[in-house]
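Worksheet for the structure shown next.
The values are calculated or read from the model by the stated rules, or taken from the named source; none is laboratory data. What you are looking at is a predicted structure, and each value in this text was computed from that prediction instead of being measured. Note: ideal-geometry Cβ built from the backbone for every residue, glycine included; neighbour counts use all protein chains shown.
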Amino acid sequence: MIRVVKGGLYTTVQDAGRYGYRNMGVPVSGAMDSVSAAFANKLVGNSMNDAVLEITLLGPTLKFEEATRIAVAGAPFKVLLNAAEMVMNTPISVKKNDVLTIERPTKGMRCYMAVAGGLQTPELLQSRSFYPNITETVKLADGDVLPLKKSTSTLTTSPLSVPSLNFSKTSLQVYPGPEFEALSLFQQQGLLEQMYTVSAQSNRMAYLLTCSATLSAKEIHTAPVQPGTVQLTPSGKIIVLMRDAQVTGGYARIFQLTEQSLNVLSQKRGGETIKFQKVTVSGV
């Protein structure tokens, strides 16, 4: 068991997502940066779907009430075990009563802490991912408890390569969305030439982007959307739907981010800039 001493800014439990319930209006959820979450799990011998902690900007302080092993991957945070700095992207042995503190990152937004055997918070609709109105807990708070289970897996003896996720990358690959061709050629070109600034209001549901150009698109009849869908509103707002996004929307779907670009965007802070690079299926 892990006891939460301090919950951090916005620390949640996430796994690979809640699939099969979109017809009921249930978002997919899951780790914002799926590559980093899966790598943390791999480091401790878990499956990629085991639940991890997703830590945003300022991490928690955790007391371990049993021995286990952990790994932290993703954006470069300062990780302290009993006040001694630890190395990320490698398994860490933790003893009973050890205290782990995850401070702020030097860049990026999120890191992931995996525990051998996976976190054993309640599974609802085949997922442990926190989401309002589905899970009782939305984010960790001081005094919360995280159940664990004994891991039967063994660590790999082969060295693992840290996933290549370029935190300074500004170009995000996108496929044309269903309403892209309905825009004028001038607007299409403008969307691809603009630099966009990430709004500080961005969250797990959507990232808001601002730019200097005047852009707009008519509303559409309600249609399916998914994580990575880029919407253009009649008022000119650019909205990128993220892991906790709704399942339908009425704004023009101008782009769809590639999975890798969705992971990169999830690590962008408010004030950072990005641009879109259009690709085709044959060009990926």
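A few comments on the model shown:
- Applying the criterion of being part of a loop (DSSP other than H, G, I, E, B) and at positive phi to the residues of the stretch 23-79, the residue that is surrounded by the fewest Cβ atoms within 10 Å (Cβ to Cβ) is Gly25.
- Within the stretch 141-156, not a single residue is among the hydrophobic types (A, V, I, L, M, F, W, C), under 21 Å from Gly7 (Cα atoms), assigned by TED's automatic domain parsing to the domain that holds Gly7 and under 18 Å from the mean Cα position of the chain (by Cα).
- Any hit, the stretch 178-186, residues being touching a Phe, Trp or Tyr at 6+ places or on another chain (Cβ under 8 Å), surrounded by 16 or more Cβ atoms within 10 Å (Cβ to Cβ) and in the same structural domain as Tyr21 (by TED's automatic domain parsing): no
- The lone exception for Arg104 - which of (1) surrounded by fewer than 21 Cβ atoms within 10 Å (Cβ to Cβ); (2) touching a residue at least 40 places away in the same chain (Cβ under 8 Å); (3) more than 18 Å from the chain's Cα centre (by Cα) it fails: (3)
- Verdict on Phe276 being at pLDDT 95 or above, in contact with a Leu (Cβ under 6 Å, 6 or more places away or on another chain), at negative phi and of a type in the set (Phe, Trp, Tyr): yes
- Residues that are under 30 Å from Asp15 (Cβ atoms), among the β-branched types (Val, Ile, Thr) and in contact with a Gly (Cβ under 6 Å, 6 or more places away or on another chain) do occur in the stretch 213-222.
- A count restricted to the stretch 206-225 and to residues that are crowded, with 17+ Cβ neighbours inside 10 Å and either assigned to a loop (DSSP other than H, G, I, E, B) or in contact with a His (Cβ under 7 Å, 6 or more places away or on another chain) (or both) stands at 4.
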